[in-house]
Number of protein chains: 4
Amino acid sequence: MKKQKLIYGITTLICLLGFTACNTNEAKEIIMKNHTKNTKKYWPNDAQLVISFSMQFETGGQPEGAESPFSGNPLPKGNPDMPAESWFRYGAKEGVYRMLKLWKKHDIHVTSHVVGEAAIKYPEVAKAIAEGGHEIAAHGISWSDQWSMSYANELDFIKKGIDTVETITGQRGIGYNANWLRRGPNTLKVLQELGFLYHIDDLSRDEPFITKVRGENFVVIPYTLRNNDIVNIEGKQWSPDQFLAQLKAEFDQLYEEGNTQRRMMSVSLHDRIGGAPSVVHVVDEFIKYAKTHENVVFMRKDNIAKMIKDDPNTPIDNSELEYNK
Amino acid sequence: MKKQKLIYGITTLICLLGFTACNTNEAKEIIMKNHTKNTKKYWPNDAQLVISFSMQFETGGQPEGAESPFSGNPLPKGNPDMPAESWFRYGAKEGVYRMLKLWKKHDIHVTSHVVGEAAIKYPEVAKAIAEGGHEIAAHGISWSDQWSMSYANELDFIKKGIDTVETITGQRGIGYNANWLRRGPNTLKVLQELGFLYHIDDLSRDEPFITKVRGENFVVIPYTLRNNDIVNIEGKQWSPDQFLAQLKAEFDQLYEEGNTQRRMMSVSLHDRIGGAPSVVHVVDEFIKYAKTHENVVFMRKDNIAKMIKDDPNTPIDNSELEYNK
Amino acid sequence: MKKQKLIYGITTLICLLGFTACNTNEAKEIIMKNHTKNTKKYWPNDAQLVISFSMQFETGGQPEGAESPFSGNPLPKGNPDMPAESWFRYGAKEGVYRMLKLWKKHDIHVTSHVVGEAAIKYPEVAKAIAEGGHEIAAHGISWSDQWSMSYANELDFIKKGIDTVETITGQRGIGYNANWLRRGPNTLKVLQELGFLYHIDDLSRDEPFITKVRGENFVVIPYTLRNNDIVNIEGKQWSPDQFLAQLKAEFDQLYEEGNTQRRMMSVSLHDRIGGAPSVVHVVDEFIKYAKTHENVVFMRKDNIAKMIKDDPNTPIDNSELEYNK
Amino acid sequence: MKKQKLIYGITTLICLLGFTACNTNEAKEIIMKNHTKNTKKYWPNDAQLVISFSMQFETGGQPEGAESPFSGNPLPKGNPDMPAESWFRYGAKEGVYRMLKLWKKHDIHVTSHVVGEAAIKYPEVAKAIAEGGHEIAAHGISWSDQWSMSYANELDFIKKGIDTVETITGQRGIGYNANWLRRGPNTLKVLQELGFLYHIDDLSRDEPFITKVRGENFVVIPYTLRNNDIVNIEGKQWSPDQFLAQLKAEFDQLYEEGNTQRRMMSVSLHDRIGGAPSVVHVVDEFIKYAKTHENVVFMRKDNIAKMIKDDPNTPIDNSELEYNK
């Protein structure tokens, strides 16, 4: 028993040494003692923090010259970029399947934003996602700029996407993610007309909110650039340990705030980037870390939207009213 | 008792392993024994190190196409960049409030550089900063280049800023920060004419100093690129653990130098960047780390300027005399 | 005996603290207990993971203005860039020899992709590689774009390379790596005509596969950008600790997957980059780490290709059929 | 005694956990047991590794628009860039003095490459360097491209530099460093004519060597991009912990190689960059780390050149013979 105490004593000291260090259940218990639990709950399901993963499935839908490790030095138009094409293919051959195993291992369901043309090219991948119990959300029929479309074209673009993906997967998207987040001023009205429940292309808050579109409630589930593989791994060129450090620091702060506010954490992974072994490995580490905390709930975005859309604690934010009248 | 010694022995060994590792009070005590304290004091208030945070509030004042994760790939003029706008909005919806909680938790008062148009757009945010006991410093009426203005225009630009912010917050700025630090050759004379006490747009020293403007003393409280979120998190694209490593390494060196010299450490955080969960988390870690050291004092810049402006130990540096005659 | 247990207890706790931490044999043993070994084997040689290093020897073949730390600010054509030339020379004077010592120390044989003109310029280096028991693979006669060549020119370009290098080293290449991976649509047909067994310029999978070229089997041993020194150390500008973190995270994931799938890990090092002291140091660390795991096998790519080309478990992937008919 | 053993046991385990971790003398002793010392010596002074620091003093000599955190977004010609000027001034006001204290604390003498115009602008700084016992080496009269000069102009440019700096510091440079390493094809001949002993603008080896210039021996002390603050801290935008990781990994490899080869490690720091608190802090950590190893010798480059120029073990490398005839 005394030796037991000694081990705990040492653990405590070691655990105090650095914020990245304390991943064990034992260590957490010791630290949690200093944590005064608030009895008030901020989510309808009493979560202290809701985490939602986005898994983009886009491979196969990319246009010529789409962003890749080769696109900075593009070939003249019309020349197939053979290694670049193989780089994209990785998402369909390895990336999505690896992530699906990760979600299954942790019994997590995620939101998958599926580009229509990717599902056409690789229907087996789209079906495997749906069969894993994940939300099939909309991401347009193709990998194209959307912000400059007319209302009618944008409606057609989005509708073709959900029709196509529904035919393949049996699920009709009710959540939307625009290419590189760049919706236009009409997008929310178009989504409303098509019966969508929510969109994610907003970075203004750390919790979902309601915005009025033509006077009706529309749910916004904020997306993330901070916990986004395409931004951090490809764009900022972080190594996987940096991505893990970011996920943990973000979690630690939001989890603590979850004691006194409604807080949500969004993480985004794309087939050919987030599906790499090293990235999945650190996301696995992150999930294990998050799970050592009480009342952390992993949810699909459609379920979050349904849960909070009529909840009186959900904030209403009409910052974009000028566009949504 | 012997086990106690054993634990300390282990702690010492562990703590010697790396410079990032020793954050605990116990560990510090052990290390501090090797630290010969100088009896001479270099600051009027006997601090060994003065730390001053800057918290820029700018959101809402940004012009079209202002620097953001989206500005590298700008939309044609006249198209609203919806996700970019939501990214800026984060500063007013989450960022400033999160930082205000951090300052309150640690009982620290900071200097907030407030753009006039940001205060007009989000007066509740500007007021919350002032009500937290923080210094409201000037940052121009709008988010614009200042280095190319005529003397009269620059005076008008700065005066409008302090008049506007004073109306909203009740505080009149006496410290100045130019957009991207880029004051012009007239700026100090303009500031002097408007009754300012100090400016921060100088990177030449690790302590405040006096410079002559039209023959009168003017205080310079050096700013920082090294401990600056916009430079490091957005510009250099560091992960939060890197920002923490920088803050600690900078602190360790300046704190040690504080034994034999007057030393000051400046840290800068912007609403939409420094206000992110992961950044606030590591700044929180940094503050905890700094607080394990004796005689570390956190101060607003106006109070630093008042404290040292007539102190005989304050250096006088007239490197820019050609402009300030 | 009890103290022994105590030490193990502490080790376990420490080892649980972070994924980069557990490099010791002892620590591994403890962790391995949780590892249920699958009895089914996925490689013909029962490996759980096959690791293959590529060592590019290119120095001396570089054209004027080739990518280097100086090429971002090029001199006008015709001016020798003296420090840039000395930077390249490092590969032949230090880099390859340092890596050869590393391979020898660990009794590993690698695949060396040798540019013909590099072997002409530094035959002693090319010979030293061959004498070390390493595979001499083909990398073209010169450091030139290949994707835009006609069929005949491409055949000539590749044939000159293998003829030249065979004359110098006594080995005729049967594996191919194109400049910056950029083969063209004819490349596989050309390689087949020249009797090549495999190529590596594909990023779509984490295991070798068969693709049909003019109806015959051709082996693809996927290459890597993720574990590639030129991409990460020069391109992404990682410090060596980041490269090590990437290698370990990649290994951990693929090794675990090796329990239920055939998995391979490719690592790529170039003479003047991977041959630097700090990079070799962390690759050494990585190899030591990998070797603490059971059934990790290091192989040359020609031996991998021979081992799996007729194995029924090797996947067939005809994603590029349109080019290879 | 048994507890003592227990502590050592734990230390050993901890120390085996990662290559960055073992900085203590005690830990080193344990590890050193595995280190079989070679009795043959490779340096005339029996060093296992020679480390040489370069400290560039350039501030005050910069032309308008010289590289700085502000130069990526330059002001129109003729507008003083006030914060950029203050950023440069830091080198003369803080940076050099901070480094001088570091060298003194560790009783190390370094080579300082002094730009003539910097010494003219800040003679007190140049004198302080010389008075610290450091080598005053040449770096040209001004901060200008040198590779395109005629023979006569280049001779004049270099001669003015050494004449000027000698007048101020009393030391005449015998070692040369060109701006951004970019000497031209005549540089070595010019240096020889002016009586120089060595130059550093070569990256091809990890040890000094002899090259023939007009048939006479000329010493090359290779410089470094890998351990260079301007390349890593400003260019690659590393945080200081990354710079430390690089220095340690480089050291570990070269020190080990020093058992069987002559090895040298060069580290380069510039006044306004390497003189920052966080950088000096990690260089201090590095020096402490290096000093825990036996037979590590810190030397000025002139002393290295004198020591090895007639030593039969010094390699002769005439790779640039075409220019130096």
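Some observations on this one:
- Test for A:Asn313: is it surrounded by fewer than 21 Cβ atoms within 10 Å (Cβ to Cβ) and under 21 Å from B:Ser278 (Cβ atoms): no
- Annotation note: of D:Val267, D:Val219, the sole residue that is assigned to a strand (DSSP E or B), more than 14 Å from the chain's Cα centre (by Cα) and buried (at least 23 other Cβ atoms within 10 Å of the Cβ) is D:Val219.
- Applying the criterion of being more than 21 Å from C:Ile200 (Cα to Cα), of a type in the set (A, V, I, L, M) and at the interface with another protein chain (Cβ under 7 Å from one of its Cβ atoms) to the residues of the range C:243-254, the residue that is surrounded by the fewest Cβ atoms within 10 Å (Cβ to Cβ) is C:Ala245.
- Members of the range C:243-256 that are of a type in the set (Asp, Glu) and free of Cβ contacts under 8 Å to residues at least 12 places away in the same chain: C:Glu256
Residue by residue, here is whether (1) surrounded by fewer than 18 Cβ atoms within 10 Å (Cβ to Cβ); (2) in a helix (DSSP H, G or I) holds:
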{"site": "D:Ser112", "(1), (2)": "no, no"}
{"site": "D:Glu117", "(1), (2)": "no, yes"}
{"site": "D:Val125", "(1), (2)": "no, yes"}
{"site": "D:Trp143", "(1), (2)": "no, no"}
{"site": "D:Gln146", "(1), (2)": "no, no"}
{"site": "D:Ala152", "(1), (2)": "yes, yes"}
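- Those residues of the range B:127-141 which are touching a residue at least 40 places away in the same chain (Cβ under 8 Å) and in a helix (DSSP H, G or I), in sequence order: B:Lys127, B:Ile129, B:Ala130
- Qualifying residue in the range D:270-286 (condition: within 26 Å of D:Asn186 (Cα to Cα) and among the basic types (Lys, Arg)): no
- Considering the range C:59-72, the residues that are out of contact with any helix residue (DSSP H, G or I) (no Cβ under 6 Å at 6 or more places or on another chain) and more than 8 Å from chain D (Cβ to nearest Cβ) include one that is nearest to C:Gly116 (Cα to Cα), namely C:Pro63.
Quick grid of which residues meet (1) among the β-branched types (Val, Ile, Thr); (2) under 20 Å from the mean Cα position of the chain (by Cα):
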| residue | (1), (2) |
| --- | --- |
| C:Ile120 | yes, no |
| C:Ile129 | yes, yes |
| C:Leu155 | no, no |
| C:Thr167 | yes, no |
| C:Ile174 | yes, yes |
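- Screening the range B:300-325 for residues that are within 19 Å of B:Glu257 (Cα to Cα) and assigned to a loop (DSSP other than H, G, I, E, B) and picking the one that is farthest from the other protein chains (Cβ to nearest Cβ) gives B:Asn313.
- The lone exception for D:Leu191 - which of (1) crowded, with 24+ Cβ neighbours inside 10 Å; (2) part of a helix (DSSP H, G or I); (3) out of contact with any strand residue (DSSP E or B) (no Cβ under 9 Å at 6 or more places or on another chain) it fails: (3)
- Whenever a residue of the range C:86-97 is at the interface with chain D (Cβ under 9 Å from one of its Cβ atoms) and over 12 Å from C:Gln62 (Cα atoms), its partners that are assigned to a helix (DSSP H, G or I) and not acidic (Asp, Glu), lying with C-beta atoms within less than 8 angstrom and at least six residues away or across chains, give the pairs C:Ala92/C:Ala118; C:Ala92/C:Lys121; C:Ala92/C:Val125.
- Some residue of the range C:141-152 being of a type in the set (Phe, Trp, Tyr), on the phi < 0 side of the Ramachandran plot, under 19 Å from the mean Cα position of the chain (by Cα) and at pLDDT below 95: yes
- Of residues in the range B:45-84 being in contact with an Asp or Glu (Cβ under 7 Å, 6 or more places away or on another chain) and among the aromatic types (Phe, Trp, Tyr), the one farthest from A:Pro185 (Cα to Cα): B:Phe57
- Condition met for C:Glu257 (of a type outside the set (A, V, I, L, M), in contact with a helix residue (DSSP H, G or I) (Cβ under 9 Å, 6 or more places away or on another chain) and either closer than 27 Å to C:Gln171 by Cα or facing another protein chain (nearest Cβ under 7 Å) (or both)): no
- The residues of the range D:65-92 that are within 18 Å of B:Gln146 (Cα to Cα), at pLDDT 95 or above and among the small types (Gly, Ala, Ser), listed by number, are D:Ala84, D:Ser86.
- The set of residues in the range A:76-107 being assigned to a loop (DSSP other than H, G, I, E, B) and surrounded by 21 or more Cβ atoms within 10 Å (Cβ to Cβ) consists of A:Asp81 alone.
- Verdict on C:Asn186 being crowded, with 24+ Cβ neighbours inside 10 Å and not aromatic (Phe, Trp, Tyr): no
- Some residue of the range A:163-181 being assigned to a strand (DSSP E or B) and surrounded by 22 or more Cβ atoms within 10 Å (Cβ to Cβ): yes
- Extreme residue, farthest from the other protein chains (Cβ to nearest Cβ), among residues of the range D:270-298 that are closer than 19 Å to D:Arg98 by Cβ, of a type in the set (Val, Ile, Thr) and not in a loop (DSSP other than H, G, I, E, B): D:Ile287
- Residue match in the range C:195-211 (condition: crowded, with 24+ Cβ neighbours inside 10 Å and in a helix (DSSP H, G or I)): no
- So A:Thr11, is it modelled with pLDDT under 50, crowded, with 18+ Cβ neighbours inside 10 Å and closer than 27 Å to A:Arg98 by Cα: no
- Residue that is farthest from the other protein chains (Cβ to nearest Cβ) [pool: residues in the range A:226-242 that are in contact (Cβ under 8 Å) with a residue 40 or more places away in the chain and either touching a strand residue (DSSP E or B) at 6+ places or on another chain (Cβ under 6 Å) or surrounded by 21 or more Cβ atoms within 10 Å (Cβ to Cβ) (or both)]: A:Asp229
- Conditions (1) under 21 Å from A:Val50 (Cβ atoms); (2) under 15 Å from the mean Cα position of the chain (by Cα); (3) surrounded by fewer than 21 Cβ atoms within 10 Å (Cβ to Cβ); (4) at pLDDT 95 or above; number of the one not met by A:Asn295: (2)
The values are calculated or read from the model by the stated rules, or taken from the named source; none is laboratory data. From a predicted model like this one, the values you see are computed outputs, not experimental measurements. We place every Cβ from the backbone using ideal geometry, glycine too, and count neighbours over all the protein chains shown.
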